[in-house]
Amino acid sequence: MEFQFAYFVDQLINGVTLGSIYGLIAIGYTMVYGIIGMINFAHGEIFMIGTFLTVIFFMLIIGTITFFPLAVLIVLLMSVLLTSVYGWTLERVAYRPLRGSPRLAALITAIGMSIFLQNYVQLLQGARNKPLTGILEGKDDILRVKYDLINTLNAAGQPYLVTISNLQLLIIILTVVVMVVFSQIISRTALGRSQRACEQDRSMAALLGINVDKTISMTFVMGAALAAVASLMFMMHVSTTDFFVGFLIGVKAFTAAVLGGIGSMPGAMLGGMIIGLVETFFGAYFNQEYKDVATFTLLVLVLIFRPTGILGKPDIEKV
Amino acid sequence: MSGTSATMLELRGVETFYGRIQALRGIDIDVNHGEIVTLIGANGAGKSTTLMTICGNPRAATGKIVLDGEDITRMATHEIIRLGVAQSPEGRRIFPRMTVRENLMLGATTGDPANFDEDLERMFELFPRLRERADQRGGTLSGGEQQMLAIARALMCRPRLLLLDEPSLGLAPMVVKQIFDVIRQINQEGMTIFLVEQNAYHALRLAHRGYVMATGNILMSGTGQELLANPEVRAAYLEGGH
């Protein structure tokens with residue numbers, strides 16, 4: 001009995017960690033959808049670029065900065081900054097010229113940009129895996145420090161120890177902090193109000209003097225920044241990346257956004273958590289190989305019984 | 001130049017198209033500093049298009065729009081608004097999922113932040129209903145309350161030119177009177193107002209000057225009194241009760 005509980009807690013920690021990463025990426029999908037009504041299929045690639053920038057920046061500074069937490073902070077800031085530039089450029093180059101054209105054109109462009117960015121990175125960085133472990137040379141040991149939560153015996157009578165690591169704590173805490181900061185930006189700042197205004201009625205927003213193009217650009221920047229935070233977490237957690245890594249994670253984060261209710265920020269985070277937990281628990285209790293099937297089955301079920309997603313609301317208000 | 005000439009807003013030969021459909025067929029309109037000018041006409045005459053064209057959405061295909069000596073014909077909408085133009089548009093277009101207060105904050109986008117508290121208080125004095133509803137979402141307001149909010153939102157940036165599109169549409173007579181009183185009051189305080197109305201009687205009585213519009217053309221213009229007395233205007237827009 002106690003082992004069952006311990007195992008559950010263990011998987012719960014893993015699921016929440018993974019869900020945090022999905023959730024942060026999902027917000028990028030949901031914000032862009034909210035403001036311009038398009039699915040930015042290249043967002044997974046923005047995340048992928050974030051993972052490469054994480055590797056590159058660690059390579060550049062790990063020799064000079066010996067205090068590891070400081071190195072992480074610097075890499076995080078630099079990667080957020082540069083990934084945001086990619087997000088901004090993507091919108092400026094590929095999507096803005098298509099504003100006002102049929103949705104299908106924007107969708108196809110997004111898929112095209114996704115393929116382009118994959119090939120761009122493959123060309124520049126090569127197709128092989130890029131591991132972070134070799135670069136860090138154990139300097140990240142502090143993140144592997146574990147705290148015992150439950151100490152028990154498994155069914156076979158061997159010791160079973162449930163722990164939470166500094167890295168898992170860092171991921172969960174950083175996600176909470178980033179979420180709080182972003183929801184405050186959306187709900188309380190002039191930028192956030194402009195974003196919500198553009199979401200609800202873009203031409204009215206312009207009639208109030210809001211620069212709609214700039215507001216949309218900022219939305220891409222914010223989405224990319226969150227993806228960069230997620231990519232740092234991902235690299236610390238999984239430690240290896242390649243040019244194609246954004247595809248499956250992007251699809252899952254997109255699924256999370258739809259599951260939570262596309263257009264809703266809390267929905268994206270909730271959807272990310274659910275996907276992370278379902279994937280982890282299905283893998284832990286049933287079948288590791290079919291965990292993705294479980295995830296997407298859940299999506300299909302939600303779309304059948306609640307097409308607007310869990311927190312998405314059908315637009316019934318009079319305008 | 002700015003503020004010195006009598007004319008604040010000048011439209012010369014303005015033509016506007018929606019796709020291939022021509023909505024404005026070369027109109028000339030002047031609005032002088034401190035005036036209330038009204039544009040009356042039937043549904044589909046092009047009144048709302050005129051207001052939207054002034055704001056650059058849609059943009060005039062030909063002709064010229066000048067605001068205080070500055071050519072604004074090719075400017076982006078938000079840049080025109082930043083020059084001190086505000087519009088309470090057709091259909092009110094309140095942000096339904098934002099509170100009344102947030103709608104008013106958005107109205108103050110181009111205003112001086114230092115004036116915000118004072119202006120908010122003033123809007124609540126002009127429209128006490130909005131104070132009661134301050135933290136309610138825009139979408140939950142009644143039509144009349146939304147109209148008040150649309151006007152208040154436009155006033156929040158202290159515009160030099162206020163464009164009002166059918167502020168009386170669909171409102172109870174009591175509310176119409178209240179809104180027209182507010183328009184007169186803010187004009188007396190110095191604001192220039194360009195008012196589009198179907199309610200020709202009220203609009204002409206309120207306005208210094210008026211233009212009559214039909215199928216994308218200006219048919220005639222004159223002072224409010226002249227147009228009120230004009231037999232054609234009476235027959236087309238005033239007879240049959242007001």
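Brief remarks follow.
- Three-way shape call for the range B:93-159 based on the alpha-carbon gyration tensor, with the a/c threshold at 1.5: prolate
- Calculated diffusion of chain B, Stokes-Einstein form, Kirkwood radius summed over Cα pairs, 20 °C and 1.002 mPa s, µm²/s: 118 µm²/s
- Added length on full extension, which subtracts the Cα-Cα distance from 0.36 nm per residue, B:E118 to B:E232: 36.5 nm
- Within straight-line cross-link reach of B:K177, aspartates and glutamates at Cα separation under 17 Å, skipping those fewer than 8 residues along the same chain: B:E125, B:E145, B:D165, B:E166, B:E197
- Using a simple spin-label model with pseudo-atoms 7 Å out from Cα toward Cβ, A:L73 and B:H208 lie 6.2 nm apart.
- Prolate/oblate/rounded call for the range A:8-77, Cα gyration tensor, a/c under 1.5 rounded: oblate
- Eligible lysines near A:K130 by straight Cα distance, threshold 24 Å, same-chain separation 8 or greater: A:K139, A:K252
- Hull-based mean projected area of the protein assembly as shown, where the convex hull spans the alpha carbons, in square nanometres: 31.8 nm²
- Most positive-pole-ward Cα, B:M191, B:L130, B:Q146, against dipole of the range B:78-208 from beta carbon charges: B:Q146
- Taking a straight Cα-Cα cut-off under 14 Å and skipping sequence neighbours fewer than 8 places away in the same chain, the aspartates and glutamates within cross-link reach of A:K214 are A:E91, A:E199, B:E79.
- Take the Cβ atoms of A:R128 and A:Q184, set R0 to 30 Å, and the FRET efficiency comes out at 0.15.
- Per-residue Cβ neighbour counts within 10 Å put B:D30, A:D140 in the sequence B:D30, A:D140, beginning with the fewest.
- Selection of GluC sites (Glu not before Pro), the range B:152-242, meeting DSSP coil and at most 11 other Cβ within 10 Å: B:E189, B:E239
- Size descriptors for chain A (Cα atoms only): Rg and Dmax, in that order, 20.3, 71 Å.
- Shape call, the range B:29-139: gyration tensor on alpha carbons, a/c limit 1.5: prolate
- By other beta-carbon atoms within 10 Å, ranking A:H43, B:H208 with the fewest at the front produces B:H208, A:H43.
- From helices alone, chain A scores -24000 deg cm²/dmol at 222 nm; the rule is -39500 (n - 2.57) for each run of n ≥ 4 DSSP H residues, then divide by the residue total.
- Here the dipole of the range A:2-305 is about 860 debye; that uses its Cα centre as origin and unit charges on the Cβ of Lys and Arg (positive) and Asp and Glu (negative).
- Cβ-to-Cβ counts within 10 Å put B:D135, A:D292 in ascending order as B:D135, A:D292, the fewest first.
- Net length gained if the chain between B:R101 and B:R20 were fully extended (0.36 nm per residue, minus Cα distance): 25.2 nm
- Label zone at A:K139 (point 7 Å along Cα-to-Cβ), backbone N below 18 Å, the range A:66-98: A:66-80
Laboratory data are not the source of any read-out in this text; all were calculated from the coordinates shown. Just so it is clear, the structure is predicted and the values come from calculations on it, not from any experiment. Don't worry about glycine lacking a Cβ; one is built from the backbone with ideal geometry, like all the others, and counts go over all protein chains shown.
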